[in-house]
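The values are calculated or read from the model by the stated rules, or taken from the named source; none is laboratory data. Quantities reported herein were computed from a predicted structural model and do not represent experimental measurements. Methodologically, a virtual Cβ is constructed for each residue, glycine included, from the backbone with ideal geometry; neighbour enumeration extends over all protein chains shown. Accessible surface areas use protein heavy atoms only, side chains included; no ligands, DNA or RNA. Shrake-Rupley method; radii C 1.70, N 1.55, O 1.52, S 1.80 Å.
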Amino acid sequence: MTTRDKPGILAGYRVLDCSIAMAGPFAAQRLGDLGADVVKVEPVTGEWQRHAAAGGASGNRINVSFLSLNRNKRSLAVDLKDPAGKEVLRRLVADADVFLQNYRPGVAARLGVDHASLAAINPSLVYVSISGFGEDGPYAQRPGQDLLLQAMSGAMLSTGRAGEPPRAAGQYLVDAVTASTAFEGVLAALLHRERTGEGQLVTVNMLDAITTLQMQELSVHTVGGLPQSRSEEPHAHVYIRAPYGAFQTSDSYLVLAFPPLKTLGEIIGEESFLSMEDEKHSWTHRDEIFARTAARLLTRPTRHWLDAFEAAGIWAGPVYGYADLVEDPQIRHNGTFVTYDHPTEGRVKVPGFPYKFSATPPRIDRGAPLAGQHTREILAEAGLDEGEIEALFSSGTVAETS
């Protein structure tokens with residue numbers, strides 16, 4: 001049996017994904033990539049993300065936002081506000097390993113799917129609750145939206161020019177970090193259960209996820225006592241010496257990371273750098289160094305500077321757009337993107353997996369499902385007979401799309 005034929009490392013585990021938007025679905029997708037049977041439990045009209053196309057990329061029957069976050073899942077479309085729908089979910093919980101939700105605090109209890117209620121059905125269940133700011137506290141009811149959390153995290157005031165508006169990250173950073181944190185939490189809780197048989201509640205919130213990601217920066221502030229002071233020039237990070245950031249060249253852009261000033265001065269022809277001390281003047285003359293570096297780099301094309309910096313052992317690199325990234329030779333070598341055939345969206349090329357396993361590699365067994373595509377088979381697996389299933393369809397408690 002080849003590694004391709006082996007079941008994924010999480011094969012045999014069932015995950016009930018009751019989450020919406022990005023953080024929860026992305027975490028559940030990671031589990032599905034590793035072989036878990038992920039059942040996406042969504043309303044009969046489909047999850048919110050099905051109706052909110054990022055970038056306007058609507059797709060054929062599944063928009064790209066949903067497609068990107070819900071591969072390797074089956075869809076059960078069920079009305080959890082209906083008592084019969086709640087009973088369906090309880091039937092599934094009895095045999096599930098993981099339950100994942102990112103309702104606002106209090107909603108799970110109102111629906112009867114809070115940890116205490118489901119643990120009473122299945123004590124070995126790993127229950128994961130994702131929130132914006134925490135399960136309780138003064139901000140518990142605030143919306144956990146990525147940009148709002150980026151702004152609150154402090155990170156946006158570690159870059160850019162003093163006195164100018166801060167700039168957000170170029171990706172849904174807080175959502176992605178929260179997804180990874182939840183994914184780690186699931187794996188750790190499953191390991192604990194393997195050792196003890198005990199399920200547990202795992203809580204993850206976006207505010208803590210993005211705050212703890214900044215372990216080094218915040219420690220410099222809280223332990224080192226250094227203020228978070230932006231420069232007049234668009235320095236890339238307040239706690240790293242100059243020059244550090246993105247610079248324009250005669251034909252494009254490059255990034256430069258704290259080179260030895262003397263060596264840099266020799267390469268770019270800036271004599272004022274030759275007598276400077278890296279650990280002194282790089283801080284005290286940060287704006288001056290940045291501005292003079294920027295002026296010099298404008299005189300030649302990116303390739304010229306990158307070749308010169310590489311020869312001198314200076315850390316520098318190109319500024320890519322997505323088109324450049326996809327075609328990069330290292331990306332190709334790593335197999336970072338995967339291509340597969342989706343039944344409604346055709347041939348798609350998407351980011352693959354952030355990890356590799358020699359014996360049980362992750363893989364894509366199915367693309368993102370249509371809303372309720374697997375409702376009938378999931379209900380049958382839960383032990384409902386044909387009459388019960390047809391009654392649920394007739395009442396509108398569950399739905400399917402073919």
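Summary table
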| item | result |
| --- | --- |
| Residue list for the range 95-114, filter: open to solvent by 30 Å² or more (accessible area, probe 1.4 Å) and among the charged types (D, E, K, R) | ASP95, ARG104, ARG110, ASP114 |
| Every residue from the range 10-32 that is outside any helix (DSSP H, G or I) and hydrophobic (A, V, I, L, M, F, W, C) | LEU10, ALA11, VAL15, LEU16, CYS18, ILE20, ALA21, MET22 |
| Filter result for LEU92 (buried (at least 22 other Cβ atoms within 10 Å of the Cβ) and of a type in the set (A, V, I, L, M)) | yes |
| Total residues in the range 349-402, condition of a type in the set (Ser, Thr, Tyr), over 22 Å from PHE26 (Cβ atoms), open to solvent by less than 70 Å² (accessible area, probe 1.4 Å) and at pLDDT below 95 | 1 |
| Hits in the range 1-57 - residues which are more than 30 Å from GLY396 (Cα to Cα), of a type in the set (A, V, I, L, M, F, W, C), touching a Leu at 6+ places or on another chain (Cβ under 8 Å) and open to solvent by 10 Å² or more (accessible area, probe 1.4 Å) | ILE9, LEU10 |
| Condition met for GLY317 (over 28 Å from GLU184 (Cβ atoms) and over 32 Å from the mean Cα position of the chain (by Cα)) | no |
| Residue that is touching a residue at least 40 places away in the same chain (Cβ under 8 Å) and in contact with a Pro (Cβ under 9 Å, 6 or more places away or on another chain), where the choices are VAL78, VAL44 | VAL78 |
| Residues that are closer than 15 Å to LEU256 by Cβ and surrounded by 14 or more Cβ atoms within 10 Å (Cβ to Cβ), drawn from the range 269-296 | GLU270, PHE273, ASP278, SER282, ARG286, ILE289, PHE290, ALA291, ARG292, THR293, ALA294, ARG296 |
| Qualifying residue in the range 115-124 (condition: open to solvent by less than 40 Å² (accessible area, probe 1.4 Å), in contact with a strand residue (DSSP E or B) (Cβ under 6 Å, 6 or more places away or on another chain), polar (S, T, N, Q) and not in a helix (DSSP H, G or I)) | no |
| Some residue of the range 297-304 being in contact (Cβ under 8 Å) with a residue 12 or more places away in the chain, touching a Pro at 6+ places or on another chain (Cβ under 9 Å), β-branched (Val, Ile, Thr) and open to solvent by less than 30 Å² (accessible area, probe 1.4 Å) | yes |
| Evaluation of ARG91 against (1) within 22 Å of GLU381 (Cα to Cα); (2) touching a strand residue (DSSP E or B) at 6+ places or on another chain (Cβ under 7 Å) (one fails), failing number | (2) |
| Selection within the range 320-344 - surrounded by 12 or more Cβ atoms within 10 Å (Cβ to Cβ) and over 23 Å from the mean Cα position of the chain (by Cα) | PRO343, THR344 |
| Selection status of LYS86, in a loop (DSSP other than H, G, I, E, B), farther than 24 Å from VAL348 by Cβ and more than 21 Å from the chain's Cα centre (by Cα) | no |
| The range 232-258, residues that are assigned to a strand (DSSP E or B), of a type outside the set (Phe, Trp, Tyr) and farther than 12 Å from PHE290 by Cβ | GLN248, LEU254, VAL255, ALA257 |
